[in-house]
Amino acid sequence: MGRLVVVSNRVPLPSERGAKAGGLAVALADALQPGSLWFGWSGRRSARGSGTTHIQRSEGVTYATIDLTEAEYHSFYVNFSNGALWPLLHFRLGLVDFRTDDYGGYRSVNRQYAAALLPLLRPDDVIWVHDYHLIPLAAELRALGVTNRIGFFLHTPFVPPTIFHALPRSTELLTTFCSYDVIGFHTRTYRTAFLDCITETLGIHSDPDGRFVWRGNSVRVIVDPIGIDAEGFGDRARDASRGNDARMLRDSLGKGGLAIGVDRLDYSKGLINRFEAIGRFFGTYPQHRRQVSFLQVAARSREDQGAYQRLRRELDRIVGDTNGRYSEFDWTPLRYMTRAVKRDTLAGFFRLSRLAMVTPLRDGMNLVAKEYVAAQDPGDPGVLILSRFAGAAEELTEALIVNPYDSDEIADAMHVGLSMEVEERRERWNALHTKVTTNTAERFCTVFLNHLQQVEMKPARPALRAIS
Ligand code: GDG
């Protein structure tokens with residue numbers, strides 16, 4: 001295979017790796033062999049914008065980044081990507097805030113990514129583009145004459161046509177998908193929704209393998225669920241559960257048990273409904289008061305957006321309300337922190353927890369569900385409560401599957417999980433563990449790149465558009 005070129009909105013620069021190892025960096029670790037290139041945004045805003053490409057090398061991997069101007073950051077990243085596409089792809093039409101200028105900014109930044117990447121490319125590079133910020137990138141690269149194999153993986157869900165077309169310019173955006181050679185989704189449901197959009201909008205039918213042809217370009221649409229390094233995470237969890245942070249947490253619980261939730265502070269993660277369910281749980285099942293405390297780690301995210309600021313205020317209110325109602329002077333039902341926690345520490349906390357609550361309203365996959373399973377003690381594993389609307393629910397069927405909108409159902413599942421005998425916990429966990437150790441991050445990369453490698457090289461052709 002030629003050199004791997006990964007393109008993502010934000011490049012996790014080696015110099016910045018600290019408390020929060022991004023899911024993408026962890027998932028791609030095995031695929032990024034020495035010699036690979038990772039290209040994208042530096043995370044910086046500067047007057048220069050994409051004019052200069054910054055190069056760093058670490059462990060044989062080259063990291064090439066560009067800056068965005070303040071105006072590009074707002075139109076491309078804040079407004080269109082996160083203010084329109086993200087809610088759309090999570091079925092939240094009421095939160096979609098579309099402005100034509102922002103869409104123009106989105107298209108323009110994708111054009112600039114393509115122009116900045118072009119001089120770094122070699123003829124046999126295999127290009128793997130990630131996520132909703134960069135849907136039109138292949139179309140822009142093709143317009144510059146790039147004939148390399150180009151794949152795209154969408155980390156979010158995909159929506160049925162009736163929702164997708166609520167987005168102005170949806171047909172234009174949909175056609176830009178058709179410049180890729182391979183498009184990957186986490187689940188069958190998302191692939192079907194995407195192919196339904198293609199059929200309804202463009203009148204094209206795919207074959208049973210998810211292949212279709214658009215204006216001479218053959219596109220293959222695959223299902224490739226992302227995974228984690230489950231063995232590695234299990235080892236971390238075992239070690240960290242003997243460390244200082246885990247000991248302090250255990251001491252603070254006294255004789256009580258722990259239930260945990262770990263999510264970015266995002267409205268897609270179902271935190272409001274979850275906190276309401278926790279209140280319902282302590283109200284309906286008073287026998288669990290003092291016996292269990294719930295810890296929610298919700299690292300702040302996208303703080304410059306109104307929807308996220310409103311969410312945070314609402315969560316502060318519910319936490320106060322729940323704790324005010326059920327706390328006792330030496331017991332707090334709901335512990336809530338909006339700072340990130342170190343990855344090892346989290347792994348140790350997962351292992352201490354008798355219950356994990358992963359209840360997003362919609363989620364492409366949800367890696368926390370897999371990390372929780374990987375972190376458990378095989379002899380005395382905890383119970384996973386999982387939303388039916390997380391991609392992970394299509395795989396992790398032995399979890400307690402709940403409707404994340406139904407606080408009573410979640411409260412009942414908490415009671416069932418905390419009362420479950422060890423034999424049943426082990427039986428469920430064994431099945432789940434087999435899945436997370438089989439469908440790993442390494443397998444995710446191998447499957448995607450094998451599909452991309454099978455694509456025939458296109459004949460070289462001149463640029464359709466001069467580089468601006
Ligand atoms: C997108 C899709 C899809 C969380 N808090 C802390 C922390 N984390 C880590 C978790 C996990 C990762 O961040 C979050 O991954 P998720 O998959 O749960 O969610 P998104 O960030 O929304 O990711 C999602 C994923 O892409 C991959 O395709 O599964 O559906 O939305 O690894 O453990 N890590 C640290 N401190 C924290 O406080 N260190």
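A short reminder: the numbers here are calculations on the coordinates, not readings from a lab. The model shown is predicted, which means the values in this text are computed figures rather than measured ones. For neighbour counting, all protein chains shown are included, and Cβ atoms are generated from backbone atoms with ideal geometry for every residue, glycine included.
Pull out a ≥ b ≥ c, the square roots of the eigenvalues of the alpha-carbon gyration tensor of segment 149-190, then state rounded if a/c is under 1.5, prolate if not and a/b is larger than b/c, and oblate in the remaining case.
Judged from the Cα gyration tensor, segment 149-190 comes out oblate (a/c at least 1.5, b/c at or above a/b).
Which Rg and Dmax, in Å, describe the Cα atoms of segment 18-109?
In order Rg, Dmax, the Cα atoms of segment 18-109 give 15.8, 45 Å.
About the Cα centre of segment 230-438, how large is the charge dipole given +1 on each Lys and Arg Cβ and -1 on each Asp and Glu Cβ? Please answer in debye to the nearest 20. Walk me through the intermediate numbers first.
Values: 32 positive and 31 negative charges, 130 e Å.
Computed charge dipole of segment 230-438: roughly 620 debye.
Among 306-316, 107-117, 430-440, how do they line up from the highest to the lowest mean number of other beta-carbon atoms within 10 Å? Don't jump to the answer; show the numbers that get you there.
Details: 306-316: 14.4, 107-117: 21.9, 430-440: 17.8.
Top of the packing list down: 107-117, 430-440, 306-316.
Across the chain, what fraction of all alpha-carbon pairs, as a whole percent, falls in each successive 10 Å bin from zero upward?
Per 10 Å bin, starting at zero, the Cα-Cα P(r) for the chain comes out as 4, 20, 30, 26, 15, 6, 1, 0 percent.
Given the DSSP H assignment, sum -39500 (n - 2.57) over each helix run of at least 4 residues in the chain and divide by its residue total; what's the result at 222 nm in deg cm²/dmol, nearest 500? Show your work: numbers first, answer last.
Numbers: 16 runs with 180 residues, N = 468.
Theoretical 222 nm ellipticity from helices: -11500 deg cm²/dmol.
By how many degrees, 0 to 90 and rounded to 10, does the Cα axis of helix 306-326 deviate from the longest principal axis of the chain?
10
Using only Cα atoms, find the angle between the long axis of helix 244-253 and the longest principal axis of the chain, and express it within 0 to 90 degrees, rounded to the nearest 10.
The helix 244-253 is inclined about 40 degrees to the chain.
When only Cα pairs under 8 Å and 6 or more residues apart are kept, what is the percent relative contact order across segment 230-438?
Details: 389 pairs, mean separation 56.4, N = 209.
Over segment 230-438, the number comes to 27 percent.
Just want the answer: with Cβ charges of +1 for Lys and Arg and -1 for Asp and Glu, which residue in Phe233, Ala31, Ala463 is farthest toward the dipole's positive end in the chain?
Checked the options; the winner is Ala463.
Which whole-number percent is the relative contact order of segment 180-297 (Cα, under 8 Å, 6+ apart)? Show your work: numbers first, answer last.
Working: 96 pairs, mean separation 26.4, N = 118.
Computed value for segment 180-297: 22 percent relative contact order.
Divide the volume of the convex hull of the Cα atoms of segment 230-438 by its number of residues and quote the answer in cubic angstrom per residue. All intermediate terms of the calculation are to be shown ahead of the outcome.
Details: hull volume 23.1 nm³, N = 209.
Hull volume normalised by residue count: 111 Å³.
Using r as the Cβ-Cβ distance of Gln291 and Thr434, and R0 as 22 Å, what FRET efficiency do you calculate, to the nearest 0.05? List each step's numbers first, then the result.
Details: r = 31 Å, r/R0 = 1.40.
About 0.10, to the nearest 0.05.
Return the distance in nm (one decimal) between the two label points of a simple spin-label model at Asp251 and Met420, each offset 7 Å from Cα along Cα→Cβ.
Going from the Asp251 label point to the Met420 one covers 3.2 nm.
Specify the inter-centroid distance of segment 133-177 and segment 273-313, based on alpha-carbon positions, in whole Å.
35
With no solvent and one point per C-alpha, what does the Debye sum give as log10 I(q)/I(0) for segment 69-192 at q = 0.17, 0.21 Å⁻¹?
Evaluating at q = 0.17, 0.21 Å⁻¹ gives log10 I(q)/I(0) of -0.87, -1.27.
Give the distance, in whole Å, between the Cα centre of segment 364-378 and the Cα centre of segment 387-440.
The two parts, judged by their Cα centres, are 10 Å apart.
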